Amino acid sequence: MGSTAAMDAIVKFILGWLPLWFGVFFLGPLVAEILTRTPLQQFLPSETNNLLIGLSLYQLCMVAGGLYGLTAKLTGRWI
Amino acid sequence: MSEIFAGVDLSKASDAELMSLERQIAHKYMNRLSIPMVLWPLANIVVWLSIWPLVLTGTLSLWVAFPIACFNLLVAYLPSHDAQHDSYARVGEPLRWLNEFIGHASSFLLAYSYRVLRETHLQHHKHANDPKLDPDALFNMADTGWQSIKNTIRSYQPDSAEARSYMDTIVRLGTPNALLGLRDQLIITVIYHAVLFAMAANGLALEAALLWWLPLKLAVIYLRYYLSWAPHVGQGKGRYRDTKSFQSILGDTGTSGMTAHVVHHLHPRIPHNRTVKAFKEMLPILRARNVDLGGH
């Protein structure tokens, strides 16, 4: 019973915070790829590994995605 | 005019006679395995699975693969829908395994549990248009097509009533099958997100987005519009009142045969590819029943 309750808690935690994981691990990288793998890359600076406080473009996008996901989780809305 | 109507004056036919004629027509189209409906999901799944390695190896352009993936997901639901109604085979029949395989495999493309779809869809049939008991009713409460699309988009919000509609139904039912569906949905949700995250971690987020994530979102908007809203909007309750026919510039094919959805609600085990034909043959009876035929 104990292990079942623990499993339930883990599943609820993972799924309950799905918007946050989705923002960090998918939307963030997706935006980074849209910026770097499409013609939009011409608008990026030549150096993208150290853009802001030492973060790379990918890392910045993941942070932004995470904040967006956190907002979606807390407000219940993506848009 | 169907030979079944020979010598029958439908305007004077009793309720029982109309029902008998309706059943005779329905039986012509039921109880025979539909080979196209077997080939359809198998081909669809093979194509969708094939475009992944083709794109990842650079053999196929992602921008060519994207509309193919959209089409794959667009047509993935209907075979699952046939399986939900045991159209391929009922419990105890030799091909029951095929019914369940097609149901599970087709639903997986939509990142949905077949059991959840079946349990909720059967509730839709049982309580069509009931705002409390029909899990689709919330989506169909839209005066315009655009409002219907907005309802679907709202279901993508993490905490909307639309997003919870199916799971609320599953929890309300609480049957062993419903709970198995809940377990399946958990597993499928984890797999779906694991695929998206793993691909993103390997620099393939764009591929994951254009082969699964975005096609899924677009397909569900189409499916909700034509398979749910268009045949049910403005309808009431009752066997001949909960579904209507309609006409569309996209025709029968472009609307996934939903112009004949009324026949599906009357006889759900008719395989999807025979529904339009059955509808055309059944038209005199539907007129006698004063069904909303949308100009047919």
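The values are calculated or read from the model by the stated rules, or taken from the named source; none is laboratory data. These numbers come from a predicted model, not from an experiment. Heads up, the Cβs are rebuilt from the backbone with ideal geometry, glycines too, and the neighbour counts pull from every protein chain shown.
Counting only helices (runs of 4 or more DSSP H) that sit completely within segment B:53-150, those holding 2 or more residues that are touching a helix residue (DSSP H, G or I) at 6+ places or on another chain (Cβ under 7 Å), hydroxyl-bearing (Ser, Thr, Tyr) and under 25 Å from residue B:167 (Cα atoms) correspond to B:77-84, B:96-109, B:114-126.
Checking A:46, A:3 one by one, the residue that is of a type in the set (Gly, Ala, Ser) and outside any helix (DSSP H, G or I) is A:46 and no other.
Annotation: of all residues in segment A:35-60 being within 11 Å of another protein chain (Cβ to nearest Cβ) and either within 15 Å of residue B:196 (Cβ to Cβ) or of a type outside the set (A, V, I, L, M, F, W, C) (or both), the one that is farthest from the chain's Cα centre (by Cα) is A:38. Whether any residue in segment B:255-270 is surrounded by fewer than 21 Cβ atoms within 10 Å (Cβ to Cβ), at pLDDT 95 or above and assigned to a helix (DSSP H, G or I) is what I want to check. Checked against the condition, which is being surrounded by fewer than 21 Cβ atoms within 10 Å (Cβ to Cβ), at pLDDT 95 or above and assigned to a helix (DSSP H, G or I), segment B:255-270 yields at least one hit.
Cβ separations smaller than 6 Å between residues 6+ apart or across chains give no pair from segment A:65-79 residues that are more than 8 Å from every other protein chain (Cβ to nearest Cβ) to residues that are part of a helix (DSSP H, G or I) and among the acidic types (Asp, Glu).
Considered as a group, the residues in segment B:152-167 that are in a helix (DSSP H, G or I) and either on the phi > 0 side of the Ramachandran plot or within 14 Å of chain A (Cβ to nearest Cβ) (or both) include one that is surrounded by the fewest Cβ atoms within 10 Å (Cβ to Cβ), and that residue is B:161. Just one of the listed residues (B:200, B:288) is buried (at least 21 other Cβ atoms within 10 Å of the Cβ) and among the small types (Gly, Ala, Ser), and it is B:200. Between B:220, B:291, the distinction of being of a type in the set (A, V, I, L, M) and within 29 Å of residue B:28 (Cα to Cα) belongs to B:291 only. Within segment B:175-214, the only residue that satisfies the criterion of being over 30 Å from residue B:122 (Cβ atoms) and acidic (Asp, Glu) is B:207. Residues considered: B:280, B:217. Of these, the only one that is more than 27 Å from residue B:72 (Cα to Cα), of a type in the set (Lys, Arg) and out of contact with any strand residue (DSSP E or B) (no Cβ under 8 Å at 6 or more places or on another chain) is B:280.
Within segment B:186-213, the set of residues being more than 10 Å from every other protein chain (Cβ to nearest Cβ) and under 20 Å from the mean Cα position of the chain (by Cα) comprises B:188, B:212.
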